[in-house]
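Visitor: Pasting a structure below so you can have a look.
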Number of protein chains: 2
Amino acid sequence: MAGTKPMALALRPARARDFADIWAIFHAVVAGGDTYAYAPETTMIQARRIWMEPPSVPYVAEQSGRIVGTYALRPNQPGLGDHVANCGYMTHPDARGGGIGAAMCAHSLQVARERGYTAMQFNFVVASNEGAVRLWQRHGFAVVGRVAAAFRHRTLGPVDVLIMHRLL
Amino acid sequence: MAGTKPMALALRPARARDFADIWAIFHAVVAGGDTYAYAPETTMIQARRIWMEPPSVPYVAEQSGRIVGTYALRPNQPGLGDHVANCGYMTHPDARGGGIGAAMCAHSLQVARERGYTAMQFNFVVASNEGAVRLWQRHGFAVVGRVAAAFRHRTLGPVDVLIMHRLL
């Protein structure tokens, strides 16, 4: 579906029974070893804890009845830092290029505002993931930090990681 | 003991039975609401999980048989980011100014090297904690990022947070 626009993309909170579909996406994305720190061999049980359990609040993007993307919103810090949200986004590899990441980002910003967050921060944007960096920039995020060689990319080796942030 | 040099400061891995002393330090530091994101009302059980349980590896600084400081070393990210260490340090308020933080930092850098980490990163250095910022800089850390107003300081209100990093 690369290049097509997302049609009838519905974003909604994830239910427990969505996890099989979410896991298929999580596993495919993480197995790539090119965008997330989560180990490629992360198990289903670990993924469920990471994505589905508090403080993580999971959402899904559905298209024609199929879950094609998911995001998880959470406070970036506990206590005195919990006014800043953190969010992770994953699109099914078969559904990339259709604007699903953009739709999820826009939705998550609105959900974060509604939940009372006043900013959003990404701690670990892999610098070689240039499409994602541009996407977050189009959604108002600025690079506020860079950590040299903080990610071991499966094919590129050590790659820098960006910290990105925006107010809500 | 402000201004005195640490005498016979012994740094060693924490044991489970050290937790009562560690909790006294953790609680006193966190209750201040001026240096850590952990909520001032963090409970003993939460503190034990944060500081004592894997992947956190806790150490204590002992002086004349009394635990005056503690640090906790852990990977800053899972999986493909777990070559970068993270560390948190706490000194008992009664023992500040005696070089205990410096001794713990130096010790933690050596322990991190021995454990195979190739870098160390602090994600949440409160910018108003200028003594800590200078201390980390003296130990080779550079500011690699700054997040505006990411900490709600008990008396100062919104304060910037620094990301600091060094290779090992």
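Values quoted throughout were computed directly from the atomic coordinates according to the rules given, and no laboratory measurement underlies them. Remember, it's a predicted structure, so these values are computed and weren't measured experimentally. Methodologically, a virtual Cβ is constructed for each residue, glycine included, from the backbone with ideal geometry; neighbour enumeration extends over all protein chains shown.
Visitor: Fewest Cβ neighbours within 10 Å first, please rank A:Val147, A:Val159, A:Val57 accordingly.
Guide: Ranked by crowding around the Cβ, least crowded first: A:Val159, A:Val57, A:Val147.
Visitor: Across 5 Å bins from the origin, how do the percents of Cα pairs in the stretch B:78-153 run, short distances first?
Guide: With 5 Å bins starting at 0, P(r) equals 3, 13, 23, 24, 19, 13, 4, 1.
Visitor: Please give the net charge around A:Gly79, taking every other residue with its beta carbon less than 9 angstrom from that of A:Gly79, where Lys and Arg add +1 and Asp and Glu add -1.
Guide: Computed value for this residue: -1.
Visitor: In the stretch A:1-100, with Lys and Arg counted as +1 and Asp and Glu as -1 at Cβ, which of these residues, A:Ala16, A:Trp51, A:Gly97, has the Cα nearest the positive end of the dipole, that is, farthest along it?
Guide: A:Ala16
Visitor: For A:Ile67, what charge total do you get from the other residues with a beta carbon under 13 Å from its beta carbon, if Lys and Arg give +1 and Asp and Glu give -1?
Guide: 0
Visitor: Sorted by average packing, counted as other Cβ atoms within 10 angstrom per residue and highest first, what order do B:120-126, A:115-121 take? Spell out each step's value before the answer.
Guide: On the way: B:120-126: 22.9, A:115-121: 17.7.
Result, highest mean Cβ count within 10 Å first: B:120-126, A:115-121.
Visitor: Distances from B:Gly140 to the same position in the other copies: list them in nm, one decimal, shortest first, using label points 7 Å from Cα along Cα→Cβ.
Guide: B:Gly140 label point versus its equivalents elsewhere: 4.1 nm.
Visitor: Something else now. Compute the label-point distances linking A:Arg166 to its equivalents in the other copies; points lie 7 Å from Cα along Cα→Cβ; give nm, one decimal, shortest first.
Guide: Shortest to longest, the spacings are 3.6 nm.
Visitor: Rounding to the nearest 20 debye, state how big the charge dipole of chain A is about its Cα centre with +1 on each Lys and Arg Cβ and -1 on each Asp and Glu Cβ.
Guide: The dipole of chain A has a size of about 220 debye.
Visitor: Per residue, what volume in Å³ does the convex hull of the Cα atoms of the stretch B:113-168 enclose?
Guide: Dividing the Cα hull volume of the stretch B:113-168 by its residue count gives 78 Å³.
Visitor: Could you tell me how many cubic angstrom of Cα convex hull volume the stretch B:1-160 has per residue?
Guide: 116 Å³
Visitor: For A:Ala127, list long-range residues whose amide hydrogen, built 1.01 Å from N in the peptide plane, is under 5 Å from its own amide hydrogen.
Guide: A:Asp160, A:Val161, A:Leu162
Visitor: State, to one decimal in nm², a quarter of the convex hull surface area for the C-alpha atoms of the stretch A:6-85, i.e. the direction-averaged projected area.
Guide: Mean projected area of the Cα convex hull: 6.0 nm².
Visitor: Going by the rotation axis that takes chain A to chain B, pick out the residue of A with the closest C-beta and quote the gap in whole Å.
Guide: Measuring from each Cβ to the axis, the minimum is at A:Gly145, 1.
Visitor: Compute the relative contact order of chain A as a whole-number percentage, counting only Cα pairs closer than 8 Å that sit 6 or more residues apart in sequence.
Guide: Averaging sequence separation for qualifying contacts and normalising by length gives 21 percent for chain A.
Visitor: Using a cut-off of 12 Å between beta-carbons, work out the net charge of the residues near B:Leu168 (Lys and Arg +1, Asp and Glu -1, B:Leu168 not included).
Guide: Within the 12 Å Cβ shell, the charges total +2.
Visitor: Copy-to-copy spacing for B:Ala102, label 7 Å out on the Cα-to-C-beta vector, in nm, shortest first?
Guide: 5.4
Visitor: Using the Karplus equation 6.51 cos²θ - 1.76 cosθ + 1.60 (θ = phi - 60°), what ³J(HN,Hα) coupling, rounded to whole Hz, does each residue of the stretch A:134-140 give in order, writing x for Gly and Pro?
Guide: My calculation for the stretch A:134-140 gives 5, 4, 5, 5, 5, 9, x Hz in order.
Visitor: On a C-alpha basis, how far is the centre of the stretch A:44-66 from the centre of the stretch B:73-135 in Å? Whole number, if you could?
Guide: If you average the Cα positions of each part, the centres end up 32 Å apart.
Visitor: Could you work out the percent of alpha carbon pairs in the protein assembly as shown separated by over 27 Å, rounded to a whole number?
Guide: 47 percent
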